[in-house]
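The values are calculated or read from the model by the stated rules, or taken from the named source; none is laboratory data. Being a predicted model, the structure only gives us computed values, none of them experimental. With ideal geometry, Cβ positions are generated from the backbone for all residues, glycine too; neighbour counts draw on all protein chains shown.
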Amino acid sequence: MHCQPSHKHQVYIWLKNNHTCLICDEATESADCVCNACETELPWLMEQCEVCALPLPMEGLICGQCQKFPPAFNQVIAPWRYGFPVDTLISRFKHQSRWPLGHMLARLLGRHLQHRFDNAELDRPDLLLPVPMARKRLRERGFNQAQMLARWLSERLNVPCDEHLVLRPHETVAQQALDAKTRKRNLLAAFALAPGAQVQGRHFALVDDVLTTGATAHSLARLLMEAGARQVDVYCLARTPKPGA
């Protein structure tokens with residue numbers, strides 16, 4: 001008995017349906033669920049430090065902090081400055097479990113990275129590593145936003161993701177309310193490598209939502225570099241400007 005329709009026409013093509021922009025709620029044909037107008041108006045990060053992506057007034061510069069205290073990571077890739085509406089979208093993703101917003105931003109970040117891979121502006125990493133979250137905060141929030149971003153990027157970029165290579169065995173105070181010096185002290189010995197972690201000679205990319213002072217990324221990159229990593233980059237959605245800028 002034939003269970004399929006006899007005609008050869010496609011009855012339903014989901015990919016050709018109009019999607020709704022998650023920012024303005026208008027219809028859009030983009031599979032990234034953001035319309036062209038809203039995507040253009042995002043706070044794209046242009047002039048920036050070539051190492052930590054701190055917003056700067058000119059291109060091709062390295063900020064004073066990176067010159068004086070070079071971080072352990074090689075470079076930060078962040079498409080946006082942490083400002084409206086990206087700050088609101090990230091906050092709703094993290095604190096209100098609005099996962100579609102995080103997924104939309106991850107797809108745009110993935111597209112940004114793929115473009116730079118294709119144009120030989122970036123070397124493709126061997127492995128994506130989400131920044132681990134302390135167990136207490138993970139229980140409170142219910143999910144690690146960096147882990148979700150890394151999974152989505154892994155699918156988009158076809159780069160494997162390892163969620164267990166770096167660990168956060170010690171509870172630390174939340175970083176948001178701390179200044180730069182206190183953040184660094186807070187992260188001393190906060191991270192560790194999993195037993196048997198294969199690090200030697202590999203290129204890693206740390207994945208997080210926002211880079212503020214870079215203390216967390218520096219601590220993780222130093223751990224990996226001391227274990228023999230070849231290079232450590234940082235992929236995040238947004239970079240905060242210098243306080244008061």
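Does at least one position in the stretch 83-103 carry a residue that is in a helix (DSSP H, G or I), over 30 Å from LEU193 (Cβ atoms) and among the charged types (D, E, K, R)?
Yes: one or more hits.
Being surrounded by fewer than 17 Cβ atoms within 10 Å (Cβ to Cβ) and of a type in the set (A, V, I, L, M, F, W, C): is that true of PHE93 here?
Against the criterion (surrounded by fewer than 17 Cβ atoms within 10 Å (Cβ to Cβ) and of a type in the set (A, V, I, L, M, F, W, C)), PHE93 does not qualify.
Could you check the stretch 1-38 and list, in sequence order, the residues that are at pLDDT 90 or above and surrounded by fewer than 16 Cβ atoms within 10 Å (Cβ to Cβ)?
THR20, CYS24, ASP25, GLU26, ALA27, ASN36, ALA37
Out of the stretch 185-231, which residues are free of Cβ contacts under 8 Å to residues at least 24 places away in the same chain and of a type in the set (Gly, Ala, Ser)?
ALA189, GLY196
In the stretch 104-125, how many are assigned to a helix (DSSP H, G or I) and either over 11 Å from the mean Cα position of the chain (by Cα) or exposed (fewer than 14 other Cβ atoms within 10 Å of the Cβ) (or both)? I'd like the intermediate steps shown before the answer.
Taking the stretch 104-125 first, the residues assigned to a helix (DSSP H, G or I) are 104-118.
Next cut, either over 11 Å from the mean Cα position of the chain (by Cα) or exposed (fewer than 14 other Cβ atoms within 10 Å of the Cβ) (or both) only: 104, 111-112, 114-118.
Number satisfying all stated conditions: 8.
Could you run through the stretch 126-145 and say how many residues are assigned to a helix (DSSP H, G or I) and either surrounded by fewer than 22 Cβ atoms within 10 Å (Cβ to Cβ) or on the phi > 0 side of the Ramachandran plot (or both)?
Number of matching residues: 7.
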